[in-house]
Amino acid sequence: MALPRIDTRYAFFTGKGGVGKTSLACACALSLAEAGHRVLLVSTDPASNLDEVLETPLSTTPTAIRGVNGLFALNVDPEAAAAAYRERMVAPYRGILPAAAIRSMEEQFSGGCTVEIAAFDAFAELLAGRSHAQDVDRVVFDTAPTGHTLRLLTLPSAWNEFLSSNTTGNSCLGPLAGLEKNKAIYAAAVGSLKDPAMTSVVLVARPETAALREAERTRHELADLGVRHQVLALNGVFDAQGSADAVAQAMAQRHAQALAAMPAGLAGLARTAAGFIPRGLVGLASLRAFLHPDAGLPAAAVAPDTDTLPGGLTPLVREIEALGHGLVMTMGKGGVGKTTVAAAVAVALAQRGHRVVLSTTDPAAHVSWALGEAVANLSVERIDPALEIANYRREVLDKAGAGLDASARAMLEEDLRSPCTEEIAVFRAFARTVDMAAQAFVVLDTAPTGHTILLMDSAEAYHREVNRTQQGELPEAVRTLLPRLRDPAFTRVLIVTLAEATPVHEAERLQADLRRARIEPYAWVINQSLLASGTQDPVLLQRARCEAPYIRQVQQTLSTRCALLPWQLSAPIGVEALGRLVDGADAMGYRIDPTADGLHIHVTAPAGQQQALMEELGKCASGHCSCPSPQYQKLAAVEVQAGAAGVEVVLKARPGEVLVADDIAHCLAHTLREVSGA
């Protein structure tokens, strides 16, 4: 079955960013509506794209979806909810309390915690069966990328604990009376989350190692919270169906290997699997075609000449390197490959002799895994929220609590248990990391888009909080942070996206948000492009053709600089694979398969470079290239010919000889760099 069976009143779709939560949540909601249910589809994601998928403008109140009886949708806008919540708490006191007191109250409601509790205020009303949920019999939540989702889903317990333990009557959330009256609603929401007869959690994952790892982490953390009615929905499982195309074979093989190595806890869940959808699931026609495959869709447009596609990362790295030091930030929607691009740029700069710090504020922290090994001149750092919170609390207590009596110190300690503390502590660490870019290159792999914007916008909140808890002491790194982020000679922002509708539109919104903060993006990087891979597989080629308008939009209207990274035959894990993304072989990839009497090498390359590659590989096979391998002396026969997605090389060993694939791979990587002109 392609979709999970939902028998509960509430259903949550969660998973690593970019795995298709919105698509499957929308398809499931449409399926329930077609079955006669009245369904409310809700997004709690700060970067929701339900409007695009459902082709209906949405707001914070339920909107009937055009052409679908019984289906309604709404977006919970955290910022708007925070503003409304703040005014609801402050308004009764206007004209009664002095202006200074009103300003103080508004300050207390201006932190990131207020945004979260305000969003959860609306969320809890629905989950507790109140508000708009009273008019429907099913509620489907299209949740935010995993890090945000986990924080959102842990709020019921966290806030109940916070409210029950806080006795000071004051916190960074403002007067507790405003929250106390909602305690019953929060308790009901907690009960609904934990009740398997009421709530299902659908863990969405693509058949990829990182996504499955994240799904397992989510499964474990939710189970620890008492949310145990979970199912696994695999999305985008590709079947090569006997295709001889190297890209198709590599994708199918990678998916199969990832599924075979699935964590045991995840493998034990009930699961469904949705196949690879060439055109994605944006629009009601696409959703209906997914639910009813016989309906079909119009043919995709013809792909443009691949010679017009943007180049790779090499020019960007060279320009960045010319500065000698500075900050490089990769930003974008979750799942687009920010970690990969950040690691590739960091490795390239380090291999060119520069001192580099590669850091992450991503709660999932995939940087070290993507890197795979140590690199000279490169250090990897993770901003660990738990550690930073502990250090921050200790520092504040040492400074601000030194002269306080027992009751005053207890009040300060209680205030530091506020959820706002994490944002402030992480922001301090972020500022320290950026400060290192004055003497070295700092490459920062940021969290998914919604989290990134909240991080960037928290500067003013931090300034207010630091004045409250540290008596106005402002670290130099924080004081100089925003000017540095706005300095194009110091900071280079790389917006990473995919050549698909939603990632491009979300990246466009991110660029607008950055510009409102007076931070100008340096370049866009379009990752994992099938159009640039050279694939000729009919299914993948249909997806590749759909990429063309989005690549053109980025290249011609959204960016001043643009790089295009092809889908790689080998997963971009490890230093050598990351290097191929930068050193000019980023437009090529290869896979080496053993045969009964030798090796079969599949090399992907753009059409314009295939002939040169065939000639160079022919030289290497005869021992005349710039990087001859001793393995070539063992050859009895060599065949080099154009393949479906590049060049196919068949090496046959002499009787009694065994070819060592690793040695040939080293020479092959050098050859690809030579051909690409890096």
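The values are calculated or read from the model by the stated rules, or taken from the named source; none is laboratory data. Since the structure is predicted, the reported quantities are computational estimates derived from the model, not experimental observations. Virtual Cβ from ideal backbone geometry, glycine too; neighbours counted across all protein chains shown.
Below is a table of values for the structure above.
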item: Test result for Gly283, surrounded by fewer than 20 Cβ atoms within 10 Å (Cβ to Cβ), modelled with pLDDT under 90, over 27 Å from Gln568 (Cβ atoms) and under 24 Å from the mean Cα position of the chain (by Cα); result: yes
item: Count of region 68-85 residues which are farther than 14 Å from Val39 by Cα and either at pLDDT 95 or above or in contact with a Leu (Cβ under 6 Å, 6 or more places away or on another chain) (or both); result: 1
item: Flag if Leu58 is touching a Pro at 6+ places or on another chain (Cβ under 8 Å) and in the same structural domain as Ala215 (by TED's automatic domain parsing); result: no
item: Ala348 at pLDDT 80 or above and either surrounded by fewer than 20 Cβ atoms within 10 Å (Cβ to Cβ) or of a type in the set (Gly, Ala, Ser) (or both); result: yes
item: Residue in region 88-102 that is of a type in the set (Phe, Trp, Tyr) and surrounded by fewer than 22 Cβ atoms within 10 Å (Cβ to Cβ) present; result: yes
item: Test: Leu24 is in contact (Cβ under 8 Å) with a residue 60 or more places away in the chain, within 15 Å of Val136 (Cβ to Cβ) and hydrophobic (A, V, I, L, M, F, W, C); result: no
item: Selected residue [under 24 Å from Leu444 (Cα atoms) and part of a strand (DSSP E or B)] from Val525, Val504; result: Val525
item: Index of the failed condition, Leu3 passing every other in (1) assigned to a loop (DSSP other than H, G, I, E, B); (2) modelled with pLDDT of 90 or more; result: (2)
item: Close pairs from region 223-242: first among the β-branched types (Val, Ile, Thr), partner part of a loop (DSSP other than H, G, I, E, B), Cβ under 7 Å, at least 6 apart; result: Val231/Pro4; Val231/Leu269; Val231/Ala270; Val237/Pro207; Val237/Phe276
item: Of the criteria (1) within 18 Å of Gly534 (Cα to Cα); (2) modelled with pLDDT of 70 or more; (3) not β-branched (Val, Ile, Thr), which one Ala645 fails; result: (2)
item: Counted residues, region 319-351 - those being touching an Asp or Glu at 6+ places or on another chain (Cβ under 6 Å) and closer than 13 Å to Pro572 by Cα; result: 3
item: Helices (runs of 4 or more DSSP H) contained in region 362-433 and holding at least 3 residues modelled with pLDDT of 75 or more and surrounded by fewer than 16 Cβ atoms within 10 Å (Cβ to Cβ); result: 385-400
item: Residue check for Gln542: surrounded by fewer than 22 Cβ atoms within 10 Å (Cβ to Cβ), touching a Ser or Thr at 6+ places or on another chain (Cβ under 9 Å) and more than 21 Å from Val647 (Cβ to Cβ); result: no
item: Tally of residues being out of contact with any Leu (no Cβ under 8 Å at 6 or more places or on another chain), hydrophobic (A, V, I, L, M, F, W, C), surrounded by 24 or more Cβ atoms within 10 Å (Cβ to Cβ) and over 14 Å from Leu234 (Cβ atoms) across region 12-37; result: 0
item: Tabulated pairs, region 627-647, first polar (S, T, N, Q), second modelled with pLDDT of 70 or more and part of a strand (DSSP E or B), C-beta under 7 angstrom, 6+ apart or interchain; result: Gln641/Glu648
item: Residue within region 499-509 that is within 22 Å of the chain's Cα centre (by Cα), of a type in the set (A, V, I, L, M, F, W, C), under 30 Å from His602 (Cα atoms) and not assigned by TED's automatic domain parsing to the domain that holds Ser286 present; result: yes
item: Test: Val19 is more than 17 Å from Thr199 (Cα to Cα) and touching a Lys or Arg at 6+ places or on another chain (Cβ under 6 Å); result: yes
item: Hey, Pro4 touching a strand residue (DSSP E or B) at 6+ places or on another chain (Cβ under 7 Å), crowded, with 18+ Cβ neighbours inside 10 Å and not assigned by TED's automatic domain parsing to the domain that holds Phe141 or not; result: yes
item: Qualifying residue in region 218-227 (condition: acidic (Asp, Glu) and surrounded by fewer than 17 Cβ atoms within 10 Å (Cβ to Cβ)); result: yes
item: Hey, Glu161 more than 23 Å from Phe72 (Cβ to Cβ) and either modelled with pLDDT of 80 or more or not in a helix (DSSP H, G or I) (or both) or not; result: no
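A quick yes/no check of all residues on (1) closer than 30 Å to Pro315 by Cβ; (2) modelled with pLDDT of 75 or more; (3) in a helix (DSSP H, G or I):
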| residue | (1), (2), (3) |
| --- | --- |
| Tyr590 | yes, no, no |
| His624 | no, no, no |
| Val649 | yes, yes, no |
| Pro655 | no, yes, no |
| His670 | yes, no, yes |
| Glu674 | yes, no, yes |
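Every residue, every condition in (1) under 19 Å from Leu203 (Cα atoms); (2) in a loop (DSSP other than H, G, I, E, B); (3) at pLDDT 90 or above; (4) touching a helix residue (DSSP H, G or I) at 6+ places or on another chain (Cβ under 7 Å), yes or no:
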site	(1), (2), (3), (4)
Thr272	yes, no, yes, no
Leu297	no, yes, no, yes
Asp307	no, no, no, yes
Leu316	no, no, yes, no
Gly335	yes, yes, no, no
